[in-house]
Amino acid sequence: MTYFHYRQSTLYCEKVNIERLTRAVPTPFYLYSYNSLASSYKTISTAFAPVDPLIAYSMKANFSWAICQSLAGLGCGFDIVSGGELRQALRTGVRPEKILFAGVGKLPEEIEHAIKADILMFNIESLPEAYVIEEVAKILGKKTRAAIRVNPDIDPDTHKYITTGTKEDKFGVNFAAAFDAIREICALPHIEFMGLHSHIGSQLLNPDSYIKTLKRLQVMIRKLDQSGIRIRTLNLGGGFGIAYEEDQKAFDIAQLARKIVATVQSLGCQLILEPGRFLVGPAGVLITKVLYVKRRANKTFVIVDAGMNDLIRPSLYAAHHRIIPVKDHQRQIEKNVDIVGPVCESADFLGLSRRFPAVEPGEYLAVCDAGAYGYVMASNYNFRSRCAEVMVRNSRHYVIRDREQLREISKHEKLPSFLKKGQKKR
Ligand code: LLP
């Protein structure tokens, strides 16, 4: 919380008074601290400095231009999963040789754009995909590069929706089939085989699952070595968890680095990491206003102006986000408080059964650690517009995205001709 802190009982983002900011920007809005981004980036780059890794920010966590531009400026490359993310990465001016393209459902046209842009490599998720990449590269008369995503069948301790490296998951090529798949890929004339990729899940708090993964990959690397295939890159994915709960500790990057740097050095290949949440999660909060408070016998509902359409993580994953008042003066603590949004769904909540200060309508709350998978997962449910985003650096704030206008939501709608007549009658 260093970048979001109380000063004289008022919450600040760096040196910006959030209460004052709400007078300039209507709620709800996401608020990001630039210096928090920079500090998280530094934590990773310092820990792994001895092997000089490529830190490819996983843009799916937050694709906003200013966020991407900030991270590119700090030295990040990008892990992308769509043509849109490719466009956004290139927009930052990052060198294409720092872009990696992952995802199980790459479209031929996305593959074509990526090859034309000359990105560093694809992370291939299946053999049929390798054949499509080969075909597209052949038509373009270019040779492209690719790693294979190996599914190591390791179950990390996280929510089942964000576990990706067990054999039940759709991701990657099964460990048992990977060796043959690699040989097949090596035989494709328009693909240069680069190495191994694995990403076992998100919000992991224990380095052990990475160590287990690395051990499995080493088995594969030895086998490849014996058949004359040398890997140039080793990509351990993202997934470094953050401390959403008060008693949690963020993933210990330095500890992981200490445990694996020597192995990586002995393999003599380029290490790639794809952190998303770790870089942007703690750097963002969602600022929301209390609209109404309903006090019932055993329960209080605090109804705020941000809902599941703005931040879906609590509804979708039962994720916990700390929620704190922007004004932290002494007051009674209520038990069993649900902080809920205005959306017409019982699942529309930001926090459930909390012990919470007795807040009143008109005051502001901050939903913490909302910088990752927040804005990017927002929707127009209930015909609500997507909210604004603001970035703070030192004592200045910058609106980095305006709140969507309702007419922008309608912009792409069309009426079929048979309904147009009916419209005139009214
Ligand atoms: N690399 C790959 C191949 C991935 O699939 C992901 C995330 C990452 C890197 C970045 O993971 P991170 O460092 O952010 O944990 N919406 C969910 C998280 C989905 C993660 C999907 N893949 C949530 O809100 O928790």
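Once the Cβ-Cβ distance of Asp328 and Asp247 is raised to the sixth power relative to R0 = 25 Å, the FRET efficiency obtained is 0.80. Taking θ as phi - 60° and the Karplus parameters 6.51, -1.76 and 1.60, the scalar couplings of segment 215-231 work out to 4, 5, 5, 4, 4, 5, 4, 4, 4, 5, 3, 4, 9, x, 9, 9, 8 Hz in sequence order, x denoting glycine and proline. Taking 0.36 nm per residue of separation and subtracting the Cα-Cα distance, full extension of the segment from Lys259 to Tyr398 would add 46.1 nm. Counting charges near Leu365 (Lys, Arg +1; Asp, Glu -1) among other residues having Cβ under 12 Å from its Cβ returns a value of -1.
The long axis of helix 253-267 is offset from the longest Cα principal axis of the chain by roughly 10 degrees. Near Glu408: Cβ cut-off under 13 Å, other residues only, Lys/Arg at +1 and Asp/Glu at -1. The net charge is +3. Amide hydrogen proximity for Thr144: with H placed 1.01 Å from N in the peptide plane, the residues at 5 or more positions away or on another chain lying under 5 Å are Ile191, Glu192. Here the chain exposes an accessible surface that is 50 percent carbon and sulfur, computed with a 1.4 Å probe and the other protein chains kept in place. Rg then Dmax, both in Å and based on the Cα atoms of segment 48-275: 16.8, 55.
Entry comment: accessible area of the chain is 46 Å² per residue, from protein heavy atoms only and a probe of 1.4 Å. Over all other residues within a Cβ to Cβ distance under 13 Å of Leu273, the charged ones net out to -1, with Lys and Arg as +1 and Asp and Glu as -1. How many percent of Cα pairs in the chain exceed 32 Å? Roughly 42 percent, rounded to a whole number. Backbone N atoms of segment 348-381 closer than 17 Å to the 7 Å Cα→Cβ label point of Lys42 are not found in any residue. Subtracting the Cα-Cα distance of Asp208 and Arg95 from their residue separation scaled by 0.36 nm leaves 37.4 nm.
Each of the peptides 40-51, 62-73 was scored by the mean count of other Cβ atoms within 10 Å over its residues; in descending order, highest first, they stand as 62-73, 40-51. State the antiparallel share, in %, of DSSP beta bridges confined to the chain, rounding to the nearest 5. Roughly 50 percent of the beta bridges in the chain run antiparallel, per DSSP.
The slack in the chain from Gln405 to Trp65, taken as 0.36 nm per residue of separation less the alpha-carbon distance, amounts to 120.5 nm.
Considering all different alpha carbon pairs of segment 168-310, the Kirkwood hydrodynamic radius works out to 18.6 Å.
The values are calculated or read from the model by the stated rules, or taken from the named source; none is laboratory data. Keep in mind it's a predicted model, so treat the numbers as computed, not measured. In this analysis, Cβ positions are derived from the backbone assuming ideal geometry, glycine residues included, and neighbour counts consider all displayed protein chains. Remember, those area values only see protein heavy atoms, side chains included, never the ligands or the DNA or RNA. Shrake-Rupley method; radii C 1.70, N 1.55, O 1.52, S 1.80 Å.
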